[in-house]
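The values are calculated or read from the model by the stated rules, or taken from the named source; none is laboratory data. Please read all numbers here as calculations on a predicted model, not as lab measurements. Here the Cβ is made from the backbone with ideal geometry for all residues, glycine too, and neighbour counts use every protein chain on show. We work out accessible area using only protein heavy atoms, side chains counted, and drop any ligands, DNA or RNA first. Shrake-Rupley method; radii C 1.70, N 1.55, O 1.52, S 1.80 Å.
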Amino acid sequence: MTAARPVRALVVDDSATMRAIVAHSLSQDAGIEVVGTADGPHSAREMIKSLNPDVITLDIEMPGMNGLEFLDKIMRLRPMPVVMLSTLTGRGAEATIRALELGAFDCFEKPTQAVRNGLGEELAELVKAAAKSRVRPRHVASPAAQPAAYTPRADAMIAIGASTGGVETLIELLRGFPANCPPTVIVQHMPETYVPTFAARLDRLSAPTVSVARTGAPLEAGQIYVAPGGSHHLEIGGGTVRRCRLVADEKMSGHRPSVDRLFLSVARWAGASAVGAILTGMGADGALGLKTMKERGAMTIGQDEESCVVYGMPAAAKQMGAVTVQLPLSRVAARLLSECRA
């Protein structure tokens, strides 16, 4: 049996020190071959042509043409997996969310030395996962058609889970939601620092109001809540009015916030009146919770393999028998709304 060839990686950063750190970190993994390093977009463009790498690691902030401009050109002209290196700062969050919207596979915190707290191994695993991902050509999305005269059922609600590839996926999905959409709760795996920027971005691009979830926020039509992450899970609570609850607890299914944790609470408090959707992402978070929702009578939707950046979480849910229907992303919003229509 022939061994799989190593993933061919190109490292792009204007800092010679950072190029060396990233290249060294990746080279420690036998499954990765660093085929070259470039100090900016111009040299990177020539290396992409001559070396044909499988994955690029790209610095967001570079002089001249910055990483975002270069990423936009890559995704339009020669789509390929790109892992962005960014800083966990407010300014870095804006750029990071934009990079993910443009089609970057994922973003990774810039390492400050060759190996720090296992970051080298984490980056290597991310690069190898990126090499297996499905890259969609970058295109300018046209405004999604929204249902005319839409009215949700009084008891309806939507719960959504996503991970890798979820930023551009959720932007596309929520463009199809009307201003009075059913109350919606979302877990998107990302660093807590990025969530406020992401929620604000969704709010600007969507007709409903999108905000970061807070304890006690009522689930009402036209409101979409994104889990803040960090030290808390997002759940919903029962009572006269369903509300968001932030719960400080251990990770579940390897994550905090966990899609499973959200879906299990929705199964308990909303039952058959809820609709759940599991979207693109690595791993299996959400499968158990979605199955529990289905067992309580909820309609459950899985994004299909063709439209996923990473067909991991939807695949795990489908294999577990948690998915009622599997749909391409272009049809998910309409089906969610249809299931919740008065």
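For the stretch 327-337, which residues satisfy the criterion of being over 18 Å from the mean Cα position of the chain (by Cα) and open to solvent by less than 70 Å² (accessible area, probe 1.4 Å)?
If the condition is that a residue be over 18 Å from the mean Cα position of the chain (by Cα) and open to solvent by less than 70 Å² (accessible area, probe 1.4 Å), then Ala334, Leu336, Leu337 are the ones that fit.
Within the stretch 146-161, is even one residue open to solvent by less than 50 Å² (accessible area, probe 1.4 Å), under 22 Å from Gly286 (Cβ atoms) and in a loop (DSSP other than H, G, I, E, B)?
Let us first name the residues in the stretch 146-161 that are open to solvent by less than 50 Å² (accessible area, probe 1.4 Å), namely 147, 150, 152, 156-161.
Those left that are additionally under 22 Å from Gly286 (Cβ atoms): 156-161.
The next check asks that each one be in a loop (DSSP other than H, G, I, E, B); those that pass are 156.
There is at least one residue in the stretch 146-161 that is open to solvent by less than 50 Å² (accessible area, probe 1.4 Å), under 22 Å from Gly286 (Cβ atoms) and in a loop (DSSP other than H, G, I, E, B).
If you go through the stretch 57-78 one residue at a time, do you hit one that is small (Gly, Ala, Ser), closer than 24 Å to Phe198 by Cβ, open to solvent by less than 10 Å² (accessible area, probe 1.4 Å) and in contact with a strand residue (DSSP E or B) (Cβ under 7 Å, 6 or more places away or on another chain)?
Checked the stretch 57-78: at least one residue is small (Gly, Ala, Ser), closer than 24 Å to Phe198 by Cβ, open to solvent by less than 10 Å² (accessible area, probe 1.4 Å) and in contact with a strand residue (DSSP E or B) (Cβ under 7 Å, 6 or more places away or on another chain).
Hey, does the stretch 278-292 have a residue that's part of a strand (DSSP E or B), within 30 Å of Ser133 (Cα to Cα) and touching a helix residue (DSSP H, G or I) at 6+ places or on another chain (Cβ under 7 Å)? Before you say what the answer is, go through the steps one by one.
Initial filter on the stretch 278-292 (part of a strand (DSSP E or B)): 278, 281.
Next, only the ones that are within 30 Å of Ser133 (Cα to Cα) stay: 278, 281.
Next cut, touching a helix residue (DSSP H, G or I) at 6+ places or on another chain (Cβ under 7 Å) only: 278, 281.
Yes - at least one qualifying residue is present in the stretch 278-292.
Mind counting the residues in the stretch 1-35 that are among the aliphatic types (A, V, I, L, M) and within 14 Å of Val127 (Cα to Cα)?
Keep residues of the stretch 1-35 that are among the aliphatic types (A, V, I, L, M), which gives 1, 3-4, 7, 9-12, 16, 18, 20-23, 26, 30, 32, 34-35.
Now narrow it down to the ones that are within 14 Å of Val127 (Cα to Cα): 7, 9-12, 22-23, 26, 30, 32, 34-35.
Looking only at that region, the number is 12.
From Leu290, Leu336, grab the single residue that is under 21 Å from Pro152 (Cα atoms) and at pLDDT 95 or above. Don't jump to the end; show me each part of the working.
Values: Leu290 fails: under 21 Å from Pro152 (Cα atoms).
That would be Leu336, the only listed residue that is under 21 Å from Pro152 (Cα atoms) and at pLDDT 95 or above.
Which residues, taken from the stretch 15-52, are out of contact with any helix residue (DSSP H, G or I) (no Cβ under 6 Å at 6 or more places or on another chain) and open to solvent by less than 30 Å² (accessible area, probe 1.4 Å)?
Met18, Ile21, Val22, Ala23, Gly40, Ala44, Ile48
Rundown of residues vs (1) under 23 Å from Thr280 (Cβ atoms); (2) of a type in the set (D, E, K, R), yes/no style:
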{"residue": "Ile48", "(1), (2)": "no, no"}
{"residue": "Leu58", "(1), (2)": "yes, no"}
{"residue": "Glu69", "(1), (2)": "no, yes"}
{"residue": "Met75", "(1), (2)": "yes, no"}
{"residue": "Phe105", "(1), (2)": "yes, no"}
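Of the conditions (1) modelled with pLDDT under 95; (2) under 16 Å from Ala131 (Cβ atoms); (3) surrounded by 15 or more Cβ atoms within 10 Å (Cβ to Cβ), Pro111 satisfies every one except a single condition; which number is it?
The one condition Pro111 does not meet is (2).
Determine which member of the set Ala179, Ala227, Ala200 is within 22 Å of Gly289 (Cβ to Cβ) and among the aliphatic types (A, V, I, L, M). Spell out the reasoning first.
Numbers: Ala179 fails: within 22 Å of Gly289 (Cβ to Cβ); Ala200 fails: within 22 Å of Gly289 (Cβ to Cβ).
Exactly one of Ala179, Ala227, Ala200 is within 22 Å of Gly289 (Cβ to Cβ) and among the aliphatic types (A, V, I, L, M), namely Ala227.
Somewhere in the stretch 194-213, is a residue within 20 Å of Leu264 (Cα to Cα), surrounded by fewer than 16 Cβ atoms within 10 Å (Cβ to Cβ) and over 16 Å from the mean Cα position of the chain (by Cα)?
no
Only residues that are within 11 Å of Val12 (Cβ to Cβ) and in contact with an Asp or Glu (Cβ under 7 Å, 6 or more places away or on another chain): list them for the stretch 45-63, please.
Asp59, Met62
Within the stretch 7-19, can one find any residue that is farther than 16 Å from Val83 by Cβ and in contact with a strand residue (DSSP E or B) (Cβ under 8 Å, 6 or more places away or on another chain)? Before you say what the answer is, go through the steps one by one.
Initially, the stretch 7-19 is screened for residues farther than 16 Å from Val83 by Cβ, giving 14-17.
Then keep just the ones that are in contact with a strand residue (DSSP E or B) (Cβ under 8 Å, 6 or more places away or on another chain); that gives 14-15.
Checked the stretch 7-19: at least one residue is farther than 16 Å from Val83 by Cβ and in contact with a strand residue (DSSP E or B) (Cβ under 8 Å, 6 or more places away or on another chain).
Based on this model, can you work out whether Gln303 counts as under 18 Å from Val259 (Cβ atoms), touching a Pro at 6+ places or on another chain (Cβ under 7 Å), modelled with pLDDT of 95 or more and not charged (D, E, K, R)? If you could, list the steps in order and put the result at the bottom.
On the way: under 18 Å from Val259 (Cβ atoms): yes; touching a Pro at 6+ places or on another chain (Cβ under 7 Å): yes; modelled with pLDDT of 95 or more: yes; not charged (D, E, K, R): yes.
Criteria met by Gln303.
Just to be sure I understand, how many residues within the stretch 236-272 are among the charged types (D, E, K, R), farther than 22 Å from Thr193 by Cβ and open to solvent by less than 70 Å² (accessible area, probe 1.4 Å)?
2
Please note which strands (runs of 3 or more DSSP E) are completely contained in the stretch 174-229 and include at least 2 residues that are at pLDDT 95 or above, touching a Lys or Arg at 6+ places or on another chain (Cβ under 7 Å) and not charged (D, E, K, R). Steps first, answer last, please.
Numbers: elements: 184-188, 209-212, 223-226.
Once the strands (runs of 3 or more DSSP E) in the stretch 174-229 are filtered for at least 2 residues that are at pLDDT 95 or above, touching a Lys or Arg at 6+ places or on another chain (Cβ under 7 Å) and not charged (D, E, K, R), nothing remains.
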